[in-house]
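The structure appears right after this line, and notes come after that.
The values are calculated or read from the model by the stated rules, or taken from the named source; none is laboratory data. Because the structure is a prediction, the values reported are computed rather than measured. Please note: Cβ atoms are built from the backbone with ideal geometry, for glycine as well, and neighbour counts cover all protein chains shown. For accessibility, only protein heavy atoms count, side chains too; no ligands or nucleic acids. Shrake-Rupley method; radii C 1.70, N 1.55, O 1.52, S 1.80 Å.
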Amino acid sequence: MDMLELARQALQSAYAPYSHFPVAAVVRGGSGRLYAGCNVENAAYPLGCCAETAAIAAMVMGGETRIIEVAVLGQGGQLITPCGGCRQRLREFAAPDTPVHLCGPEGIRRTVTLGELLPLAFGPEQLP
Ligand code: THU
């Protein structure tokens, strides 16, 4: 199964009763394996979880700590981009040149790098 197909499947699981804005994310680990996540909202709004965060958690649970490719899928006409917090969460496991595919239901709309999304990022290498 490819990233987009898995993302489309994950989008069906999105729990977004408050925003009505379902999102899916898929990360490819260093092994090549794919891990999917969807957004999971909460009645206490700030406790909601982004799709990227869920996909990262699935990857770590699967025993991997390196991301080599990312896809984010939303519905509608606007280009979906990861929120600031998720850019930093991705940065923990991905490099500045890691491709991030910004997708709509019809496919990839634009591909950027994580470095473009989060320039001059603070990463784990900077800690002693
Ligand atoms: N959301 C994501 O899951 N990922 C993104 O890249 C952008 C936003 C979610 C959070 C919230 O559940 C909904 O979209 C509206 O902000």
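Structure summary
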{"quantity": "Which numbered condition Met1 misses (of (1) open to solvent by 80 Å² or more (accessible area, probe 1.4 Å); (2) more than 8 Å from the ligand (Cβ to nearest atom); (3) in a loop (DSSP other than H, G, I, E, B); (4) at pLDDT 95 or above)", "calculated": "(4)"}
{"quantity": "Hey, Thr65 touching a Phe, Trp or Tyr at 6+ places or on another chain (Cβ under 8 Å), at pLDDT 95 or above and either outside any loop (DSSP other than H, G, I, E, B) or open to solvent by 20 Å² or more (accessible area, probe 1.4 Å) (or both) or not", "calculated": "yes"}
{"quantity": "Residue within region 22-45 that is β-branched (Val, Ile, Thr), in contact with a helix residue (DSSP H, G or I) (Cβ under 8 Å, 6 or more places away or on another chain), touching a residue at least 24 places away in the same chain (Cβ under 8 Å) and more than 9 Å from the ligand (Cβ to nearest atom) present", "calculated": "yes"}
{"quantity": "Filter result (out of contact with any strand residue (DSSP E or B) (no Cβ under 7 Å at 6 or more places or on another chain) and open to solvent by 20 Å² or more (accessible area, probe 1.4 Å)) within region 92-114", "calculated": "Glu92, Ala95, Pro105, Glu106"}
{"quantity": "Criterion violated by Thr65 - all others in (1) more than 13 Å from the ligand (Cβ to nearest atom); (2) within 17 Å of Thr111 (Cα to Cα) satisfied", "calculated": "(2)"}
{"quantity": "Members of region 29-44 that are part of a strand (DSSP E or B) and open to solvent by less than 60 Å² (accessible area, probe 1.4 Å)", "calculated": "Gly29, Leu34, Tyr35, Ala36, Gly37, Cys38"}
{"quantity": "Of the criteria (1) hydroxyl-bearing (Ser, Thr, Tyr); (2) under 17 Å from Thr98 (Cβ atoms); (3) within 12 Å of the ligand (Cβ to nearest atom), which one Tyr18 fails", "calculated": "(2)"}
{"quantity": "Number of the exception - Tyr15 against (1) buried (at least 21 other Cβ atoms within 10 Å of the Cβ); (2) among the aromatic types (Phe, Trp, Tyr); (3) more than 30 Å from Leu127 (Cα to Cα)", "calculated": "(1)"}
